[in-house]
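One structure is given below, encoded as structure tokens.
The values are calculated or read from the model by the stated rules, or taken from the named source; none is laboratory data. Since the model is a prediction, treat every value here as computed from it, not as a measurement. Positions of Cβ are backbone-derived with ideal geometry, glycine not excepted, and every protein chain shown enters the neighbour counts. Surface accessibility is based on the protein's heavy atoms, side chains included, excluding ligands, DNA and RNA. Shrake-Rupley method; radii C 1.70, N 1.55, O 1.52, S 1.80 Å.
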Amino acid sequence: MSHLLPLSRVVKLVGQPRHALQEMIRSGTLATFDGMVELDELLRAFPEVKWDDDAEFRRVAEIKDKAFARRVRDLVLPDKEVLAARLNELGADYAAAKSLLQHYGNVMVWLDEKIDEIEEDKSAETRHALHTLRAFLLRNLAEMPPDAVLAQAAIAQERILKVMSAHVTIQPSGHEFFVEGNDTLLDAALRNGVSLSYGCSNGNCGDCRARLVSGEVKKVRAHDYVLKQADKDAGAILLCAYAPVNDVVIEANVAGAHDIQMQRLGAKVKSVEMFNSQMAALHVLTPRSQRLRYLGGQSIEVSIDGVRGRYAIASCPCEDRNIELQIPHRPGDAFAEAVFTTLKAGDAVALEGPFGEFVLDEDSPRPAIFLAFGVGFAPIKSLIQHAMSLELVESMDLHWLADAAGHYQDNLCRTWADALDNFNYVPHAATDELEAVLKGIVVDYPDLHRFDVYAAGTAAQLELARAHFVRQGLPEVRWFAGATDIY
Ligand code: FES
């Protein structure tokens with residue numbers, strides 16, 4: 001009886017990133033069957049994994065959390081009704097497996113009796129053959145196969161994952177993520193950087209309405225928005241109020257930059273982080289009941305007492321209510337002056353946005369080159385973190401061409417490179433010879449036609465870089481640029 005596992009669960013079980021497993025499948029070192037991996041194949045391909053706990057997965061997750069400065073979440077149990085339903089399902093699985101075993105036991109008894117019957121009136125030769133057959137069956141039933149202990153541990157680990165989390169596939173976009181703890185479908189999607197459409201996030205507006213295609217969900221939060229019985233019969237659910245019981249497929253709209261409406265909300269300053277005399281980060285926290293909807297790479301306007309400025313968001317949309325803005329100390333920028341002199345934790349600020357269309361192409365699994373010119377690092381940082389949370393991009397190379405503010409988050413970039421095997425970081429010192437640097441970068445990519453390039457800098461820097469990359473073979477449509485001198 002073969003035990004098949006979906007690739008998304010194998011990712012969790014072996015603690016390897018999805019792109020690494022996909023590479024193994026492409027190269028033939030990991031066999032799949034209809035996108036599933038057989039348990040025996042899993043044990044063969046990963047002989048070194050310790051199946052008795054999920055330490056490897058937690059270790060990798062912790063490295064990523066630290067590298068991306070995420071708040072490490074406590075292990076939270078699912079909602080009690082969801083938990084009860086999952087345990088019920090597990091109980092049904094166990095009962096089915098037990099009755100199958102009982103059936104096999106009965107077949108063995110029947111076979112034994114049959115052999116007795118046949119032995120009575122057959123030749124000595126036949127009796128000897130039947131005797132040998134019986135001995136073979138009894139010996140093999142008594143002996144456990146050598147990898148049975150590993151197989152049991154792997155299955156047990158997979159069962160625990162199934163109780164603690166459920167896998168979600170979004171159609172038609174193909175995004176995938178896990179819902180863990182007591183998150184709703186919407187909470188988990190946002191935490192994983194998937195920008196599903198929503199409005200109030202507390203059951204009032206109906207904007208997060210979606211359709212359950214397969215699997216089972218349970219309502220875990222009350223909602224005032226009324227779903228008519230006919231809608232429910234057609235599979236309608238509210239993403240902000242439901243959680244999956246088992247692995248589900250949901251039909252839902254993933255928002256692009258055009259779909260996200262302008263928002264205005266108040267926020268509190270959490271901290272001001274001074275990188276150096278030219279560059280600071282402003283960390284703000286939105287109210288518990290309100291998130292700012294945005295995509296990695298966008299910008300927002302922030303103001304205090306009528307003094308305002310527009311800056312790149314440097315955080316990931318998956319960071320919930322926490323937003324980081326990076327603020328260059330430019331002459332004549334009154335808001336930046338306040339950040340560098342008087343603004344402090346607890347101050348109230350107003351946010352308006354998001355602006356801009358410099359966002360990830362979430363349909364592209366191509367390797368990506370990120371090109372940050374000076375303070376263009378801010379939107380690039382946001383894009384990189386967003387790409388990481390989506391786990392879509394095959395590999396990421398970051399080239400940071402410094403200006404007078406320097407590589408003010410150099411350590412962070414090096415941590416990313418240390419933590420992630422598909423991430424490379426190349427810092428380039430501040431120079432007047434920009435052309436020479438760009439030439440040096442593109443010659444390292446003889447196969448530029450395979451890449452996407454995301455670049456952020458001034459309009460002049462971007463135009464120069466675009467010309468170099470396109471001349472070297474990058475398709476024009478795979479060049480994505482965000483100008484920083486429009487803020
Ligand atoms: S977001 Fe408003 S009802 Fe779900």
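Couple of notes before you dig in:
- Inter-residue pairs, beta-carbon under 7 Å, first more than 13 Å from Asn246 (Cα to Cα) and in region 203-216, second within 7 Å of the ligand (Cβ to nearest atom) and open to solvent by 50 Å² or more (accessible area, probe 1.4 Å), 6+ apart: Gly203/Tyr225; Asn204/Tyr225; Cys205/Tyr225; Gly206/Tyr225
- If you go through region 370-410 and keep only what is open to solvent by less than 10 Å² (accessible area, probe 1.4 Å) and either without any contact (Cβ under 8 Å) to a residue 40 or more places away in the chain or β-branched (Val, Ile, Thr) (or both), you end up with Ile380, Ile384, Met396, Leu398, Trp400.
- Within region 427-458, considering residues that are acidic (Asp, Glu) and assigned to a loop (DSSP other than H, G, I, E, B), the one surrounded by the fewest Cβ atoms within 10 Å (Cβ to Cβ): Asp432
- Looking across region 204-237 at every residue that is at positive phi and more than 25 Å from the chain's Cα centre (by Cα), the one that is nearest to the ligand (Cβ to nearest atom) is identified as Gly206.
- Matching entry among Ser173, Ser195, Ser123 (being in contact with a Lys or Arg (Cβ under 9 Å, 6 or more places away or on another chain) and either small (Gly, Ala, Ser) or away from the ligand (no atom under 16 Å from the Cβ) (or both)): Ser195
- Given (1) open to solvent by less than 10 Å² (accessible area, probe 1.4 Å); (2) part of a helix (DSSP H, G or I); (3) farther than 26 Å from Asp333 by Cβ, index of the condition Val477 fails: (1)
- Count - residues of region 318-356 that are in contact with a His (Cβ under 6 Å, 6 or more places away or on another chain) and within 19 Å of Leu190 (Cβ to Cβ): 1
- Tallying residues that are surrounded by 15 or more Cβ atoms within 10 Å (Cβ to Cβ) and not aromatic (Phe, Trp, Tyr) within region 411-423 yields 7.
- Qualifying residue in region 263-276 (condition: closer than 30 Å to Gly174 by Cα, free of Cβ contacts under 8 Å to residues at least 40 places away in the same chain and either within 15 Å of the ligand (Cβ to nearest atom) or open to solvent by less than 30 Å² (accessible area, probe 1.4 Å) (or both)): no
- Residue among Asp93, Asp52 that alone is more than 30 Å from Leu412 (Cα to Cα), surrounded by 11 or more Cβ atoms within 10 Å (Cβ to Cβ) and at pLDDT below 85: Asp52
- Restricting region 176-192 to residues that are open to solvent by 10 Å² or more (accessible area, probe 1.4 Å) and assigned to a helix (DSSP H, G or I), the residue that is farthest from the ligand (Cβ to nearest atom): Arg191
- Criterion violated by Gly376 - all others in (1) assigned by TED's automatic domain parsing to the domain that holds Glu273; (2) in contact with a Leu (Cβ under 9 Å, 6 or more places away or on another chain) satisfied: (1)
- Of all residues in region 246-257 being more than 13 Å from the ligand (Cβ to nearest atom) and either at pLDDT below 95 or assigned to a helix (DSSP H, G or I) (or both), the one that is most open to solvent (accessible area, probe 1.4 Å): Asp247
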